[in-house]
Amino acid sequence: MSTSALLAQLDDVGRDPRRGGYSRHVFDPAERDLRDWFGEQARARGLDVHADRNANLWAWWGGPGPDAVVTGSHLDSVPGGGAFDGPLGVAAALGAVDELRATGFQPGRPLAIVVFAEEEGGRFGVPCLGSRLLSGSIDRDTACALRDQGGTTFAEALRAAGGDPARAGADPELLGGIGKFVELHVEQGRGLVDLGRPVAVATSILGHGRWRFRFRGQGNHAGATPLEDRSDPMLPAARTVLAAREAAARHEARATVGRLVPNPGGTNVIASSTDLWLDARAPLDTTTRAVVAELTARAEEHARAEGCRVDVTEESYSPTAHFDQGLRAELTALLDDAPALATGAGHDAGVLSTRVPTSMLFVRNPTGISHAPDEHAEPADCEAGTAALARVLRRWAA
Ligand code: GLV
Ligand code: MN
Ligand code: MN
């Protein structure tokens with residue numbers, strides 16, 4: 001089946017009524033529907049499907065074994081995300097299996113499609129949670145204690161989804177069986193549009209991390225509290241948002257505040273506390289650290305000036321990832337001199353890249369937009385990406 005036809009089957013799953021696009025967070029009904037869909041599709045192709053200890057789904061062609069060739073991506077999304085970030089890599093993997101089958105190909109070594117859990121960190125805050133757990137980049141207790149916005153822990157959600165939190169965590173046997181990994185992904189920028197090409201080979205992922213700034217003040221009445229008597233945590237939070245943009249520009253980094261939550265959040269209520277999440281990214285870890293240190297200092301100053309306090313917590317950090325040079329060269333040659341592109345977006349491939357020979361393929365996105373409903377890939381480019389992936393799998397798994 002074509003990759004576009006596979007993606008079309010997901011059109012109605014998890015639509016976001018507020019922003020448009022899709023909200024599919026790990027273990028919520030929409031994401032579970034997608035997991036079921038993947039299981040059905042994989043089983044229909046004769047693949048053996050199971051969930052690992054960390055809720056990542058694996059579909060094996062030829063049974064698990066050493067030196068396996070693995071491809072895949074994720075099915076969860078950011079709030080109101082696009083249709084392609086994640087699902088394109090999963091659908092293309094299924095489409096590539098179909099292409100290989102149609103030519104009578106039989107893998108000479110194990111081949112698997114993986115669907116990683118909670119890649120976006122949209123529910124529990126830590127991106128690539130499934131691949132971090134698998135690779136031991138986050139320990140079981142830390143992951144299990146993560147809470148979603150409703151207070152449910154990852155351990156509780158995993159158990160409700162049929163998993164066993166006591167068995168979550170590093171899985172050296174499964175990880176050690178991966179010989180090579182390739183993730184196909186929609187491009188999250190306009191590099192391929194500018195180059196006039198449908199498919200690229202990835203070079204690197206920008207280092208990135210997430211920090212929570214919690215400003216605490218004095219909850220009070222919006223009408224009855226004179227300005228000079230206020231300790232309003234919204235003010236230092238707002239000043240920190242502006243400072244983030246300034247610091248990023250000065251350091252040639254990227255810094256974003258995409259989530260700001262006053263507690264309790266009422267129009268006529270001075271908040272008691274305000275949480276702000278900072279996403280900061282830069283090629284050098286020292287740059288990202290400098291941006292965060294500077295913002296922490298600024299946030300403390302602004303908090304003091306308003307009679308508030310602030311605590312800063314690092315929720316995740318991923319250093320800049322460079323993909324395997326040998327695989328990059330091999331893919332470039334195999335795919336008709338495909339262009340090389342770096343990305344500012346995080347991926348499970350980045351987490352795996354320090355443990356396993358890893359590579360990525362990008363598919364052209366005519367809007368260049370991602371993490372928003374306008375993300376797009378033309379059907380012809382989805383098929384070009386699938387054909388490229390099939391060529392790679394054929395070479396590696398022969
Ligand atoms: C995930 O796509 C990220 O870059 O945050
Ligand atoms: Mn994403
Ligand atoms: Mn993604």
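Restricted to the stretch 303-398, the set of helices (runs of 4 or more DSSP H) holding at least 3 residues that are within 16 Å of ligand 1 (Cβ to nearest atom) comprises 348-352. Residues considered: G150, G207, G169. Of these, the only one that is away from ligand 3 (no atom under 16 Å from the Cβ), modelled with pLDDT of 95 or more and surrounded by fewer than 16 Cβ atoms within 10 Å (Cβ to Cβ) is G150. Beta carbons closer than 6 Å, at least 6 apart along the sequence or on distinct chains, pair a first residue in the stretch 82-94 that is at positive phi with a second that is open to solvent by less than 10 Å² (accessible area, probe 1.4 Å) and not polar (S, T, N, Q) for G86/H74; G86/L75. Cβ-Cβ contacts under 6 Å between residues 6 or more apart (or on different chains), taken from a first residue in the stretch 346-361 that is within 16 Å of L174 (Cα to Cα) and open to solvent by less than 20 Å² (accessible area, probe 1.4 Å) to a second residue that is among the hydrophobic types (A, V, I, L, M, F, W, C) and in a helix (DSSP H, G or I), are listed as T358/A349; T358/L352. Regarding T288, is this residue within 22 Å of the chain's Cα centre (by Cα), open to solvent by less than 30 Å² (accessible area, probe 1.4 Å) and not charged (D, E, K, R)? So T288 fits the description; yes. Checking the stated criteria, A143 turns out not to satisfy the condition of being away from ligand 1 (no atom under 16 Å from the Cβ), open to solvent by 40 Å² or more (accessible area, probe 1.4 Å) and among the aliphatic types (A, V, I, L, M). Taking the conditions exactly as written (farther than 26 Å from A377 by Cα and within 16 Å of ligand 3 (Cβ to nearest atom)), does V126 satisfy them or not? Yes: the conditions hold for V126.
Which one is farthest from ligand 3 (Cβ to nearest atom), of the residues in the stretch 96-120 that are in a loop (DSSP other than H, G, I, E, B) and of a type in the set (D, E)? Restricting to residues being in a loop (DSSP other than H, G, I, E, B) and of a type in the set (D, E), the top hit is E118.
As for the stretch 172-179, it holds no residue that is within 16 Å of ligand 2 (Cβ to nearest atom) and more than 30 Å from R391 (Cβ to Cβ). Only one of the numbered conditions (1) in contact (Cβ under 8 Å) with a residue 24 or more places away in the chain; (2) farther than 14 Å from E300 by Cα is violated by F215, and that is (2).
Being of a type outside the set (A, V, I, L, M) and either out of contact with any Gly (no Cβ under 8 Å at 6 or more places or on another chain) or surrounded by fewer than 16 Cβ atoms within 10 Å (Cβ to Cβ) (or both): is that true of P379 here? Full working, then the answer.
On the way: of a type outside the set (A, V, I, L, M): yes; either out of contact with any Gly (no Cβ under 8 Å at 6 or more places or on another chain) or surrounded by fewer than 16 Cβ atoms within 10 Å (Cβ to Cβ) (or both): yes.
Criteria met by P379.
Taking the listed residues G80, G89, the one that is open to solvent by less than 10 Å² (accessible area, probe 1.4 Å), under 23 Å from Y22 (Cα atoms), small (G, A, S) and within 14 Å of ligand 3 (Cβ to nearest atom) is G89, with no other qualifying.
The values are calculated or read from the model by the stated rules, or taken from the named source; none is laboratory data. These numbers were taken from a predicted model, which means no experiment stands behind them. Note that we place each Cβ from the backbone using ideal geometry, even for glycine, and neighbour counts take in every protein chain shown. Each accessible area value is taken on the protein alone, full model and side chains, heavy atoms only, with ligands, DNA and RNA left out. Shrake-Rupley method; radii C 1.70, N 1.55, O 1.52, S 1.80 Å.
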